[in-house]
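Single-structure report; data block below.
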């Protein structure tokens with residue numbers, strides 16, 4: 001180290017605000033990513049990858065601003081940069097063995113021993129460089145090195161002493177290139193191959209808990225969930241994950257007007273109690289997002305800010321939105337009345353009421369035209385209550401799984417009853433539930449059932465419904481006026 005005397009200044013890179021971590025809400029996003037830029041391509045093809053922040057997402061999956069082609073990049077930006085909530089499990093369905101195209105004899109100009117191929121998705125291992133007439137093939141790491149710039153283009157730098165000389169002004173390139181247009185809805189839905197024990201697409205949700213030791217709780221696929229079959233697959237996988245867990249899913253519908261959005265939801269039969277349906281798209285800092293990309297991290301962040309208990313509705317939570325966007329790209333500005341029309345049909349939206357905010361408490365099963373006469377079950381109708389039922393049930397499974405196969409004894413039963421009642425009292429004291437009580441009833445546990453190895457608890461819980469409507473009845477009282485005018489007289 002050299003001798004120092006005087007004043008020096010050292011600059012560090014700007015530290016970005018890290019996403020708030022939710023321990024109870026795990027977002028799971030299905031879609032496409034520019035995995036040609038990933039650290040390990042094979043590790044991110046139809047495999048769930050749990051990621052904590054934007055920098056990690058970019059390193060492990062690659063990043064592109066071309067969200068139409070690479071939908072998971074929109075999720076990275078929305079969750080980690082805009083809403084600042086994590087973690088997120090990403091499942092990329094682009095397979096470079098299937099979803100690619102080959103390019104031959106691409107002519108590129110080289111200036112001062114450096115060239116650039118301005119195309120996204122190039123698989124570096126497939127790159128072959130030749131001289132301009134194709135007669136000479138150059139050797140990587142001997143004649144040149146190649147890497148990606150921030151836009152995903154390939155930058156080629158000639159090495160000193162290599163075959164690419166100062167006089168070389170043109171090259172030919174052969175390469176394979178990812179082709180996101182070849183990804184179909186069927187690829188996103190995926191499936192399970194029993195002969196190879198391979199899971200693909202949405203079906204990989206079954207591998208998340210065994211692999212990551214985390215319960216998936218919010219499933220979404222922006223850009224794909226607008227498809228009827230993809231939406232149905234997400235709803236289907238929300239029940240009985242790994243034979244036990246339940247979760248929610250966030251879907252999108254399309255339309256250039258409120259009526260078209262409502263009709264689209266009706267035609268696609270998006271009416272499951274596990275689903276939250278979104279419309280329209282939204283614009284943030286000039287970029288357009290599917291609303292599902294925003295709602296999913298809002299759910300996660302809201303939980304994290306409230307003790308990791310999903311008892312609060314995402315509705316009326318502020319979001320950094322500057323406009324709504326219809327399916328044909330036109331801006332729209334929704335107020336409370338317009339938002340309520342969508343809410344009445346089980347669609348969550350965003351309105352501008354002294355700042356933009358998520359607006360809607362109802363799951364996809366709700367329809368005001370039907371349920372104004374037939375009161376729906378609140379556990380299926382309200383998003384917050386539905387999520388609490390899922391969360392409470394999932395937590396019960398995790399808390400008492402170790403008791404399975406233990407001897408059926410009074411101690412086992414007493415421990416479960418006492419633990420659950422104490423736990424419920426804590427949530428009640430914090431205002432997160434109205435109350436709960438668990439019982440082990442003899443009438444529901446006959447001897448024959450106990451001899452068969454089954455015991456049953458009965459738990460009653462009062463979850464808090466959202467105050468979706470607050471009314472203040474105003475009335476003019478003339479006596480108050482006259483009393484104020486003649487208050488000096490007896």
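Would you please state which residues of region 121-159 a label at residue 109 would reach in this model, taking the label point 7 Å out along Cα→Cβ and a backbone N cut-off of under 13 Å? From region 121-159, the list is empty. The mean sequence separation of alpha-carbon pairs under 8 Å and at least six residues apart, normalised by the residue count of the chain, gives a relative contact order of 12 percent.
If you take the square roots of the eigenvalues of the alpha-carbon gyration tensor of region 310-370 and sort them as a ≥ b ≥ c, do you get rounded (a/c under 1.5), prolate (a/b over b/c) or oblate? Cα axes put region 310-370 in the oblate bin.
With both labels modelled 7 Å from their Cα along Cα-to-Cβ, the residue 145 to residue 440 distance reads 6.7 nm.
Cα centroid separation, region 280-336 to region 100-158: 41 Å. Remark: the residue 228-residue 403 segment gains 58.9 nm on full extension, using 0.36 nm per residue and subtracting the alpha carbon distance. With a ≥ b ≥ c taken as the square roots of the eigenvalues of the C-alpha gyration tensor of region 216-352, please select rounded if a/c is under 1.5 and otherwise prolate if a/b is larger than b/c or oblate if it is not? Verdict is oblate for region 216-352.
How tilted is helix 410-429 with respect to the longest principal axis of the chain? Cα atoms for both, answer in degrees (0 to 90, nearest 10). Roughly 90 degrees between the two axes.
By definition, a body whose alpha carbon gyration tensor gives a ≥ b ≥ c is oblate when a/c is 1.5 or more and a/b is not larger than b/c, and region 261-338 fits this oblate description.
Between residue 10 and residue 486, residue separation times 0.36 nm minus the direct Cα-Cα distance comes to 163.9 nm. For residue 331 and residue 266, the FRET efficiency from 1/(1 + (r/R0)^6), where r spans their Cβ atoms and R0 equals 25 Å, is about 0.50. Please check which bits of region 300-331 a label hung off residue 429 would reach, taking the label as a point 7 Å along Cα-to-C-beta and the cut-off as backbone N under 20 Å. Within reach of a label on residue 429, which here means backbone N under 20 Å from a point 7 Å along Cα→Cβ, region 300-331 contributes 306-311. By the beta-carbon count within 10 Å of each Cβ, the least crowded to most crowded order of 260, 439, fewest first, is 439, 260.
Our analysis of region 327-404 gives Rg over Rh at 1.16, with the two radii drawn from alpha carbon positions and Rh computed by the Kirkwood formula. A crude spin-label estimate for the pair residue 471 and residue 18, with each label 7 Å from Cα along the Cβ direction, gives 4.9 nm. The angle between the Cα long axis of helix 228-237 and the main principal axis of the chain comes to about 60°, on a 0 to 90 degree scale. Relative contact order of region 242-353, taken over Cα pairs closer than 8 Å and 6 or more residues apart, is 29 percent.
Compared with the dominant Cα axis of the chain, that is its longest principal axis, helix 291-304 is turned about 60°. If R0 is 51 Å, the Cβ-Cβ spacing of residue 415 and residue 236 corresponds to a FRET efficiency of close to 0.90. A simple packing score, the average count of other Cβ atoms within 10 Å per residue, orders the peptides 40-49, 362-371 as 362-371, 40-49, with the highest score first. Across all directions, the shadow cast by the convex hull of region 438-490 built on its C-alpha atoms averages 9.2 square nanometres.
Each value in this text was obtained by applying a stated rule to the coordinates, not by laboratory testing. This is a predicted model, so every value here is computed, not measured. Note that each Cβ is placed from the backbone with ideal geometry, even for glycine, and that neighbours are counted across all protein chains shown.
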